[in-house]
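Here the structure comes first, spelled out in structure tokens, and everything after it is commentary.
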Amino acid sequence: MQKSFARTDLAAEANSRLDKQYKGVVSEELTISNCKASRVSVTDDEAAQAIGKPIGDYFTLEMEKYVSRTENSFSDCANALALLLNKFSFIQNAKSVLVACLGNRAVTPDAIGPDTADSLIVTRHLKSSLPEQFDAFSSVSVFRTGVLGTTGIESADELKAICDLVKPDCVIAVDALASGELNRLCKNVQICNTGISPGSGVGNNRAALNFDFLGVPVAAIGVPTVIDAAAFTEAEEAKGLFVTPRNIDELVRSSAKLIAYGINLAVHKGLTIEDIDMLVE
């Protein structure tokens, strides 16, 4: 039996663990672009403390269809992700977006962010040099932060400096997450408007990337790529251990491509999956 105290970054999972109902937690099931999704809204401080998440909206998109390669699953999931992102008005109305790709490409479960960057349509330089030809596109810039252990610089500090330089309307942060339930591992995408704390999923908390620190709204997208070993055992030796699937390299590549396409569809209005294929493949 999976243990309720196993670490999780997912609001939907944390909500399912609450021992009582809180007025400040509102949840609902959704169907978007033929995909199952859910929303958890945290509306007051008491609820935020109980659920362990900041006040805000958390959407969880199920990508089981994509993982199992059901027909049209990629386009359905990518469109659903774009629609969920555009539920945040600051993304829907943004003309300039900075995508912050967090993580370490050298550590496969932590490579969601860097791999996502490979399939993003970057246009900031083109908008400035060829404004008429790229008028239909939003201004998008991408920054791979790396991790503190390899850069010596906090991701938040790097992004603060980049935001001061680029002055985006908003930031979309992409990172790997941790879950405490096997049925969510590499099968959920969480989208929220509260920002993100890099490394929090594995107990390595870093400075938060949010509006208070960066000065612009921050949406966060993440996929749980590891599961806390406390989900399986109470053995002392398991503390601090995290488990990942043996085909994690394939799952990370697939998830990163899905996230990138979803972001492209959300920020570059009017593009189709086929358009993105031509531009990034």
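The values are calculated or read from the model by the stated rules, or taken from the named source; none is laboratory data. None of the values given here were measured: they were computed from a predicted structure. Heads up, the Cβs are rebuilt from the backbone with ideal geometry, glycines too, and the neighbour counts pull from every protein chain shown. Ligands, DNA and RNA are stripped out before the accessible areas are found, and what is left, the full protein with its side chains, is counted by its heavy atoms. Shrake-Rupley method; radii C 1.70, N 1.55, O 1.52, S 1.80 Å.
Past the 28 Å Cα-Cα mark, which pairs from 95/160; 53/239; 36/127? Don't jump to the answer; show the numbers that get you there.
Numbers: 95/160 19 Å; 53/239 23 Å; 36/127 36 Å.
From the list (95/160; 53/239; 36/127), the Cα-Cα distance tops 28 Å for 36/127.
Using label points projected 7 Å from each Cα along Cα→Cβ, tell me how many nm separate residue 279 and residue 212, to one decimal.
With each label placed 7 Å out from Cα toward Cβ, I get 3.5 nm.
Along the charge dipole of the range 19-105, which of 51, 78, 32 sits closest to the positive end, that is, farthest toward it, with unit charges on the beta carbon of Lys, Arg, Asp and Glu (+1, +1, -1, -1)?
78
Only four residue types carry charge here, +1 at the Cβ of Lys and Arg and -1 at the Cβ of Asp and Glu. Report the dipole size of the chain about the Cα centre in Debye, rounded to the nearest 20.
On the way: 26 positive and 36 negative charges, 22 e Å.
Taking the Cα centre of the chain as origin, the dipole is about 100 debye.
Would you please classify the overall shape of the range 1-113 from the alpha carbon gyration tensor, given that a ≥ b ≥ c denote the square roots of the eigenvalues, rounded means a/c under 1.5, and beyond that prolate means a/b larger than b/c while oblate covers the rest?
rounded
What does the charge count near residue 35 come to, summing +1 for each Lys or Arg and -1 for each Asp or Glu among other residues with Cβ under 11 Å from its Cβ? It would help to have the intermediate numbers written out before the result.
Working: positive: 36, 65; negative: 62, 64, 76.
Neighbourhood net charge equals -1.
Taking H placed 1.01 Å from N in the peptide plane, check which residues at least 5 places from residue 32 or on another chain put their amide H under 5 Å from its amide H.
37
On the full set of protein chains, 1.4 Å probe, figure out the accessible area of residue 143 and give it in Å² to the nearest 10.
Its heavy atoms expose roughly 50 Å² to the probe.
For residue 161 paired with residue 72, estimate the spin-label separation in nm (one decimal), with each label point 7 Å from Cα along the Cα-to-Cβ line.
4.8
If you place +1 on the Cβ of every Lys and Arg, -1 on the Cβ of every Asp and Glu, and leave all else neutral, what size is the dipole of the range 105-162 about its Cα centre, to the nearest 20 Debye?
Taking the Cα centre of the range 105-162 as origin, the dipole is about 80 debye.
What is the sum of charges, Lys and Arg at +1 and Asp and Glu at -1, for the other residues whose Cβ falls under 9 Å from the Cβ of residue 22?
After counting each charged neighbour, the total is 0.
Based on Cβ point charges of +1 for Lys and Arg and -1 for Asp and Glu, what charge dipole magnitude is obtained for the range 211-281 about its Cα centre, in debye rounded to the nearest 20?
160
Which percent, nearest 5, of DSSP beta bridges in the chain are antiparallel?
55
Which of 189, 166, 152 sits closest to the plus end of the dipole of the range 147-195, meaning its Cα is farthest towards the positive end, when Lys and Arg get +1 and Asp and Glu get -1 on the C-beta?
189
Let a ≥ b ≥ c be the square roots of the eigenvalues of the Cα gyration tensor of the range 159-281; is it rounded (a/c under 1.5), or, if not, prolate (a/b larger than b/c) or oblate?
It comes out oblate by the Cα gyration axes.
Name the long-range amide H neighbours of residue 103: under 5 Å, sequence gap of 5 or more, or other chain; modelled H, no Pro or chain starts.
Residues meeting the amide H criterion: 145, 146.
Would you please give the FRET efficiency between residue 135 and residue 90, computed as 1/(1 + (r/R0)^6) with r the Cβ-Cβ distance and R0 = 30 Å, to the nearest 0.05?
It comes to 0.90.
Based on the Cβ-Cβ distance of residue 182 and residue 23, what FRET efficiency does E = 1/(1 + (r/R0)^6) give at R0 = 22 Å, to the nearest 0.05?
After rounding, the FRET efficiency stands at 0.10.
Tally Lys and Arg at +1 and Asp and Glu at -1 over the other residues with C-beta under 13 Å from the C-beta of residue 98: what net charge comes out?
+2
Helix hunt in the chain: which complete DSSP H runs extend at least 15 Å axially by C-alpha with mean Kyte-Doolittle at least -1.0?
Values: long enough: 73-85 (18 Å, 1.33); 155-166 (16 Å, 0.60); 248-267 (28 Å, 0.82).
Helices meeting the span and hydropathy rule in the chain are 73-85, 155-166, 248-267.
Please name whichever of 131, 18, 111 sits farthest to the positive end of the charge dipole of the chain, dipole taken about the Cα centre and charges placed at Cβ: Lys and Arg +1, Asp and Glu -1.
131
In deg cm²/dmol and to the nearest 500, what is the mean residue ellipticity at 222 nm of the chain if only DSSP H runs of at least 4 residues count, each as -39500 (n - 2.57), divided by the residue total?
When only DSSP H runs of four or more count, the value is -9000 deg cm²/dmol.
Looking only at the range 53-94, which residues have a backbone nitrogen under 11 Å from a spot 7 Å from the Cα of residue 31 in the C-beta direction?
Once the point is set 7 Å along Cα→Cβ of residue 31, nothing inside the range 53-94 turns out to lie under 11 Å by backbone N.
GNM, the chain, Cα, under 10 Å: largest mean-square fluctuation among 129, 197, 179?
So, out of 129, 197, 179, the one fluctuating most is 129.
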